[in-house]
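This report refers to the structure that appears directly beneath it.
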Amino acid sequence: MEIRDDVYVRSVGSSLPETVSVDRAVEQGLYDPAAVDMCRLTATSVTDDVSPAEMNVSAARTALERAGLESKELDALIHASVFPPGPAGWSIAGYTLRELGGGAAPVTELRSGCSAMLSAMELAVGQLTGALRHRTVLLTGADVFGPWIDRWGSYSFIGGDGASAAVLGTDGGFARIRSVNSRTIPELEMMQRGDEPLFPSSAGGRIDEQGRLDHFVDNVMSTVEAASLMAANHADLARTSAAEAGIAVAGLTKVIFHNMSRFVVDQFVMAPLGLPMERSCFDIGAVTGHLGVSDQLVSLERLLLDGLLAPGDHVLLLGGSAGFATVAVVLEILERPVWASGPGTARGAGAKTP
């Protein structure tokens, strides 16, 4: 969908814990040495004692400060995550709003997988341009992988912990949202379910990702067929979104996908688009890990802080989630924000910039 009304990204923020190197993980027997050369990943963000909620508030506070806003000025807050962020039945979005200083903004929580932050962006665009006519929406997202999966157990990615936030609005910003599109391939839904029963729920325990995938491959389609479907879907959605933004795919300055292994980013996104890996953000993701919903905003922040984006550049944010759901967003960079004009750091206790 082409965004004809003016919707802007006013600011972004992040909170990342200290990183653990792949070499150290290999020494400790946590990571397969054979994956080092194949995946080309070097480190990931890991916390053992900081909650998703704490990182979420830190990232959100940074985004609000950079936008020059207080929480009481927000029209809405949308939180995204892959995993449950705390006590069952609890609202991390309400907690975040309270910790930021309060206000009466309605809060919404999306737990729709790794592309949930982009889905939150799509929802916010509707709030800003539709009947609600909001002026300012805060997006937040946070994930900690440790309780849910073996962060070192996949060849596709290494799980990373962290949080991100963005302020969207109609009163100007460093980037304009030019297009947003989303799509689902329900034929791939079983990849993230396997043969686990729908009731009683298995929610709350460790996730056997490989077991689910094995059942899917044995009963639905091969990994090659599934990969081809996903790659074709990514490329088609990216081309559609670029065209609606008034450019060809070749005109994209940067493509920000999930922080995955090099072969995944190349084969699932860059090669199908006919773009070189230099236009991806693989180098950023290789040292932060796959941050659940936060990959795209953390990489966008890093590009801005490093002065790698200029007015007139176009950036594609692309993500996929269980379902299999895909979201694509094209941003046009309007300016380098004041907060990115000097050396910057990601915010948070013990946090480091990627």
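With all protein chains present, how much of the accessible area of the range 167-252 (probe radius 1.4 Å) comes from carbon and sulfur, to the nearest whole percent? Carbon and sulfur atoms account for 54 percent of the accessible area of the range 167-252.
Once you divide the Cα radius of gyration of the range 1-49 by 2.2 N^0.38 Å, the number left is 1.91.
Normalised by the number of residues in the chain, what is the relative contact order in percent for Cα pairs under 8 Å and 6+ residues apart?
Averaging sequence separation for qualifying contacts and normalising by length gives 27 percent for the chain.
The share of Cα pairs per 20 Å bin across the chain, counted from zero up to the longest distance, runs 32, 61, 7 percent.
With a Förster radius of 30 Å applied to the C-beta separation of ARG98 and GLU18, the computed FRET efficiency comes to 0.65.
By accessible area, using a 1.4 Å probe on protein heavy atoms only, the range 1-87 has 44% of its surface on carbon and sulfur. Model label points for LEU198 and ALA131, set 7 angstrom from Cα along the Cα-to-Cβ axis, are 3.0 nm apart. The modelled label-to-label distance between ASP5 and ALA310, using points 7 Å beyond Cα along the C-beta direction, is 3.4 nm. Considering only Cα atoms, the convex hull volume of the range 136-197 works out to 179 Å³ per residue. For the pair the range 247-317 and the range 10-89, the centres of their Cα atoms are 17 angstrom apart. Solvent-accessible area assigned to carbon and sulfur over the range 268-318 amounts to 55 percent, based on a 1.4 Å probe. Taken along the Cα-to-beta-carbon direction at a fixed 7 Å, the label points for THR223 and SER91 span 4.2 nm.
Think of a 1.4 Å ball rolled over the protein heavy atoms: the range 1-129 then has 43 Å² of accessible area per residue.
Using θ = phi - 60° in the Karplus curve 6.51 cos²θ - 1.76 cosθ + 1.60, the 3J(HN,Hα) couplings for the range 236-245 round to 5, 5, 5, 5, 4, 5, 5, 4, 5, 7 Hz; x is entered for Gly and Pro. One decimal place: the segment ASP208-ALA232 gains 6.0 nm when fully extended, by the rule 0.36 nm per residue minus the C-alpha distance.
In the context of the full set of protein chains, residues of the range 252-298 present 27 Å² of accessible surface per residue (probe radius 1.4 Å, heavy atoms only).
The values are calculated or read from the model by the stated rules, or taken from the named source; none is laboratory data. Note that this is a predicted model, so its numbers are computed, not measured. For neighbour counting, all protein chains shown are included, and Cβ atoms are generated from backbone atoms with ideal geometry for every residue, glycine included. Areas reflect the complete protein model, heavy atoms only, side chains present, ligands, DNA and RNA absent. Shrake-Rupley method; radii C 1.70, N 1.55, O 1.52, S 1.80 Å.
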